[in-house]
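Taking it in order: structure first as structure tokens, then the write-up.
The values are calculated or read from the model by the stated rules, or taken from the named source; none is laboratory data. All values derive from a computational prediction rather than experimental measurement. With ideal geometry, Cβ positions are generated from the backbone for all residues, glycine too; neighbour counts draw on all protein chains shown. Quick note on the areas: whole protein, heavy atoms, side chains included, nothing else; ligands and nucleic acids left out. Shrake-Rupley method; radii C 1.70, N 1.55, O 1.52, S 1.80 Å.
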Amino acid sequence: MDYRRLRKNEAIRNYVRETRVCLEDLIYPLFVVEGKNKKEEISAMPNNYRFSIDKLIEEAKELVELGIQGVLLFGIPEKKDENGTSAYCKENIIEKAIYALKQNVPQLYVIADVCLCEYTSHGHCGVICENEVDNEKTLPLLAKAAVSYAKAGADCVAPSDMMDNRVAYIRKALDKNDCQTTAIMAYSAKYCSAFYGPFREAANSAPQFGDRKSYQMDPANRKEALKEVEKDIAEGADIVIIKPGLPYLDILWQVKERVNVPVCAYQVSGEYAMIKAAEKMNWIDGKKVASESLISLKRAGADMIITYFAKSFAEEKKKNC
Ligand code: PBG
């Protein structure tokens with residue numbers, strides 16, 4: 001016998017375990033809507049909701065109680081238009097949500113997603129000019145949104161639009177507006193993935209024409225991800241995100257080997273939905289599959305993980321204490 005000696009019982013398995021997922025690794029995404037007393041379940045993402053700000057505060061208190069350190073906010077505005085004005089206008093939904101969170105639950109680390117797709121009538125992540133997403137016209141609007149969220153108290157902004165040069169543009173705008181302490185977590189290797197389906201239902205943000213192939217990355221490319229990551233770091237990204245998670249473990253691993261900044265994996269809505277659906281059919285043990293996926297992401301190099309499982313993971317932990 002060679003290896004089985006170290007698998008003999010629970011104690012030795014615990015001693016030799018190389019990877020652990022702790023609650024401190026996890027970031028929980030939350031969707032915010034206008035209005036009052038709203039907590040609407042997202043159909044393809046059971047146990048995940050769209051919250052109005054009053055309900056968001058209740059949820060945030062519960063999360064902190066459970067030991068969750070941080071959340072990633074997505075806004076769903078009442079009005080969408082060509083230029084995604086509701087992402088950065090005065091008193092936009094995310095600005096109000098951050099302000100309320102920082103007033104009521106100051107210890108919660110607040111990350112604000114920065115993108116226009118939830119706010120544009122056409123559903124693209126930037127401004128459209130002659131049927132294309134215009135990079136240069138989009139940058140100032142993203143920066144405006146980032147500054148608005150930072151001023152409201154966000155600890156970190158997370159640009160997910162995939163425009164070129166947006167990290168440098170946003171960093172400059174933050175610094176100019178006295179937000180030097182706001183970190184940037186850049187979606188650096190964000191693939192053009194069908195795994196985002198349930199999110200687009202949640203945020204009502206599916207593109208109304210075409211697709212996102214001209215700005216998000218081709219799933220077939222690996223070297224391009226390394227270039228994107230290096231560029232974002234050179235532009236000032238404090239943390240880089242690899243997204244989706246499980247189908248892109250190879251990318252996560254290589255990025256982690258290569259860079260010195262913290263690396264975050266995003267286990268996206270479709271990954272969550274698949275596990276929940278198979279669990280509902282009694283085809284898999286959902287809890288075990290979820291926890292194995294999180295371990296895989298850590299083993300591949302994630303320092304932190306954005307996951308819709310964060311709350312149930314925390315509830316499980318609490319039960320077993
Ligand atoms: C916004 C954004 C998306 C996701 C995060 N930020 C949607 C998209 O790019 O279409 C997807 C997250 C998920 O699927 O959980 N651009």
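Filter the range 262-283 for residues that are open to solvent by 60 Å² or more (accessible area, probe 1.4 Å) and among the hydrophobic types (A, V, I, L, M, F, W, C) and give the result.
Met274, Met281, Trp283
Among the residues of the range 284-321 satisfying the criterion of being open to solvent by 60 Å² or more (accessible area, probe 1.4 Å) and in contact with a Gly (Cβ under 8 Å, 6 or more places away or on another chain), which is farthest from the ligand (Cβ to nearest atom)?
Only one residue tops the list, namely Lys318.
Scan the range 220-247 for residues that are over 17 Å from Val167 (Cα atoms) and in contact with a helix residue (DSSP H, G or I) (Cβ under 8 Å, 6 or more places away or on another chain) and report the count.
Of the residues in that region, 5 qualify.
Quick check on my filter: what residues within the range 165-190 are within 15 Å of the ligand (Cβ to nearest atom), of a type outside the set (A, V, I, L, M, F, W, C) and either open to solvent by 60 Å² or more (accessible area, probe 1.4 Å) or over 16 Å from Ala145 (Cβ atoms) (or both)?
Selection gives Ser188, Lys190.
Scanning for something surrounded by fewer than 21 Cβ atoms within 10 Å (Cβ to Cβ), in contact (Cβ under 8 Å) with a residue 40 or more places away in the chain and more than 9 Å from the ligand (Cβ to nearest atom), does the range 191-202 turn up at least one residue?
yes
Answer yes or no as to whether Lys227 is of a type in the set (Lys, Arg), open to solvent by 10 Å² or more (accessible area, probe 1.4 Å) and either within 20 Å of Arg171 (Cβ to Cβ) or within 15 Å of the ligand (Cβ to nearest atom) (or both).
Details: of a type in the set (Lys, Arg): yes; open to solvent by 10 Å² or more (accessible area, probe 1.4 Å): yes; either within 20 Å of Arg171 (Cβ to Cβ) or within 15 Å of the ligand (Cβ to nearest atom) (or both): yes.
Spelling it out, Lys227 is indeed of a type in the set (Lys, Arg), open to solvent by 10 Å² or more (accessible area, probe 1.4 Å) and either within 20 Å of Arg171 (Cβ to Cβ) or within 15 Å of the ligand (Cβ to nearest atom) (or both).
One residue is enough: does the range 40-50 have a residue meeting the conditions of a type in the set (D, E, K, R), more than 29 Å from Val263 (Cα to Cα) and touching a residue at least 12 places away in the same chain (Cβ under 8 Å)? Before you say what the answer is, go through the steps one by one.
So the first thing to find is which residues in the range 40-50 are of a type in the set (D, E, K, R), and the list is 40-41, 50.
The next check asks that each one be more than 29 Å from Val263 (Cα to Cα); those that pass are 40-41.
Retained after the next criterion (residues that are touching a residue at least 12 places away in the same chain (Cβ under 8 Å)): none.
No: zero hits.
Within the range 208-223, identify whether any single residue is in a helix (DSSP H, G or I), of a type outside the set (Val, Ile, Thr) and within 13 Å of the ligand (Cβ to nearest atom), and answer yes or no. Working first, answer last.
If we filter the range 208-223 for residues that are in a helix (DSSP H, G or I), which is where we start, we get 223.
Then drop every residue that is not of a type outside the set (Val, Ile, Thr), which leaves 223.
If we keep only those that are within 13 Å of the ligand (Cβ to nearest atom) as well, we get none.
The answer is no; no qualifying residue exists.
Which numbered condition in (1) more than 10 Å from the ligand (Cβ to nearest atom); (2) without any contact (Cβ under 8 Å) to a residue 60 or more places away in the chain is the only one that Met162 fails?
Of (1) more than 10 Å from the ligand (Cβ to nearest atom); (2) without any contact (Cβ under 8 Å) to a residue 60 or more places away in the chain, only one is false for Met162: (1).
So which of Ile76, Ile27, Ile57, Ile42 ends up being among the β-branched types (Val, Ile, Thr) and more than 16 Å from the ligand (Cβ to nearest atom)? Spell out how you get there, then give the answer.
Numbers: Ile76 fails: more than 16 Å from the ligand (Cβ to nearest atom); Ile27 fails: more than 16 Å from the ligand (Cβ to nearest atom); Ile42 fails: more than 16 Å from the ligand (Cβ to nearest atom).
Residue meeting the stated conditions: Ile57.
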